[in-house]
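Beneath this line is the structure, given in structure tokens, with notes to follow.
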Amino acid sequence: MKFGGLFFGILAALLLNFHDAQAIKSNCTKWGTDSVRSVQEISLYREFFKQKNFDDAIRHWRYVFKNAPGARKQTYIDGVKMYESFIKKHKEDKEKRKLLSDTLMMIYDQRIKCYGEKGNVLSRKGMAMYKYRYGTKEDLHNVLDEAIRESGNASKYYVLYPYLLTAVEIMKKEEKLTKEEVLKKYQNVAAILDHNTDPANKSKNAEKYAAQREKIDVLLKEIITNCDDAKAVFAKRYVEEPDNEKLLQSIFDLLKNTKCTDDPIFLEVTMKLFEKQQKSNLAYFISKKVGEQGQHQDAINYLKKAIELEEDANTKANYYLELASIYSSKLGDYGSARSQALKAAETKSGWGDPYLFIGDLYASSGKKCGPGTGFESQVVSWVAVDMYLKAKSVDPSISDKANNKIAIYRGFFPTKEDIFFRGLKEGDPYTVACWINKSTTIRARKE
């Protein structure tokens, strides 16, 4: 190795300009009893480190770590990298791996002693424990718990899921945490997620925090088993911040994911959220819930908003058909129902269900268009069968369903005698009046 003027240049820089104000503890010695050697050992280990020759670097690094722990924060960063490589190298040797992991944890502890940054360093230590399965789940959870308490909203995104995962595992297996305690921890994490996914706070890792939320929401299903649990998670915050958009979103997601949509709070929250976010799925949920309460016109209005806002063609088509169903089953407005069903068919090509639906409307119109029996009511079966035939022609996947309906309603065709006595002829055109007002072909029932 060549030192010369270069070494003395490094020495001067280290001693004069490297006075690290972050070495905050008086018992964290900076250069040790031999400052010249400390600088030399730093230079030596760094040269080997840059060459990725960790086996030679570590001998010099150990001197620095022991004798000059307050000289440079980089000592700890480099030490972690080297010891992690050693752990990986000896992954099959459990005893060696344990000794190396012990030192790795000591590096993190010494860094806190000398440079503080407790929340940040504990987060890194905790993730190393998680990665290398060091200590018990309770040990890991306690480290991450302290890291989060120290960091608050600045908590690292990558610690949040392991933190709650270990809490759930401890609750299930060791019973050292109650469900209420785990839910309280979730509330704290949810607040951190809200803060870091809020555009106003401009978190550079907002997308990564959002990704953690998705994983945590899945985990939450293992904790929350009923609506009371779900409401307990957000009750206090909702009272304090009833118009907090992020909180409203979290409550909506939680209640939906835990199938608590029948609780009155779900509709309340969804309507508030819709005022802030004009989203199709929110309008759809509101439509469903107000419809269940018998507010059918409101259900129609919200479903129309959902259709207007929806960009996905398949979803929009489904909404149209659902709207058609409300018109027919709740308001008895078959004309509007048919109109919406046709829009569904136009929106999603090759879909036969809207035509089956219209066929059913026609088939059920015997009492609307006649006395319910006899020729005037039977003719609706002609247009119904027409629709069933069209349904399977555009969508072969529903042929069986269409054929079953065709077989049933051909049995309701007028008899040959009824057709003859009315001066009509099989095969001739015929217009079914009433609300249907459709041209069809005269056919007789097979006896």
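Tally time: how many residues in region 401-423 are surrounded by 15 or more Cβ atoms within 10 Å (Cβ to Cβ) and not in a helix (DSSP H, G or I)? Looking only at that region, the number is 3.
Within region 181-201, the set of residues being among the charged types (D, E, K, R) and closer than 21 Å to Glu241 by Cβ comprises Lys184, Lys185, Asp194, Asp198.
Once region 264-277 is narrowed to residues that are surrounded by fewer than 16 Cβ atoms within 10 Å (Cβ to Cβ) and touching a residue at least 24 places away in the same chain (Cβ under 8 Å), the residue that is nearest to the chain's Cα centre (by Cα) is Gln277. Residues of region 34-65 that are under 16 Å from Met106 (Cα atoms), without any contact (Cβ under 8 Å) to a residue 24 or more places away in the chain and of a type outside the set (A, V, I, L, M, F, W, C): Arg62 alone. Of the helices (runs of 4 or more DSSP H) lying entirely inside region 162-274, those carrying at least 3 residues that are among the charged types (D, E, K, R) and within 30 Å of Met129 (Cβ to Cβ) are 179-197, 206-220. Those helices (runs of 4 or more DSSP H) of region 23-110 that lie entirely within it include none in which at least 3 residues are among the polar types (S, T, N, Q), touching a strand residue (DSSP E or B) at 6+ places or on another chain (Cβ under 6 Å) and modelled with pLDDT of 95 or more. Which members of region 147-199 meet the condition of being aliphatic (A, V, I, L, M), under 15 Å from Leu254 (Cβ atoms) and buried (at least 17 other Cβ atoms within 10 Å of the Cβ)? Selection gives Leu164, Val182, Leu183, Val189, Ala190, Leu193. Considering the conditions (1) assigned by TED's automatic domain parsing to the domain that holds Thr29; (2) in a helix (DSSP H, G or I), Ala128 is excluded by exactly one of them, (1).
For region 389-400, residues that are under 17 Å from Lys348 (Cβ atoms) and either surrounded by 20 or more Cβ atoms within 10 Å (Cβ to Cβ) or of a type outside the set (Gly, Ala, Ser) (or both) total 7.
When you check Tyr130 against the structure, is it modelled with pLDDT under 95, of a type in the set (Phe, Trp, Tyr) and within 17 Å of Gln212 (Cβ to Cβ), yes or no? For Tyr130, the condition - modelled with pLDDT under 95, of a type in the set (Phe, Trp, Tyr) and within 17 Å of Gln212 (Cβ to Cβ) - is met.
The values are calculated or read from the model by the stated rules, or taken from the named source; none is laboratory data. Only a predicted model underlies this, so the values are computations on that prediction, with no experimental measurement involved. Glycine gets a Cβ as well: all are built from the backbone with ideal geometry, and neighbour counts include every protein chain shown.
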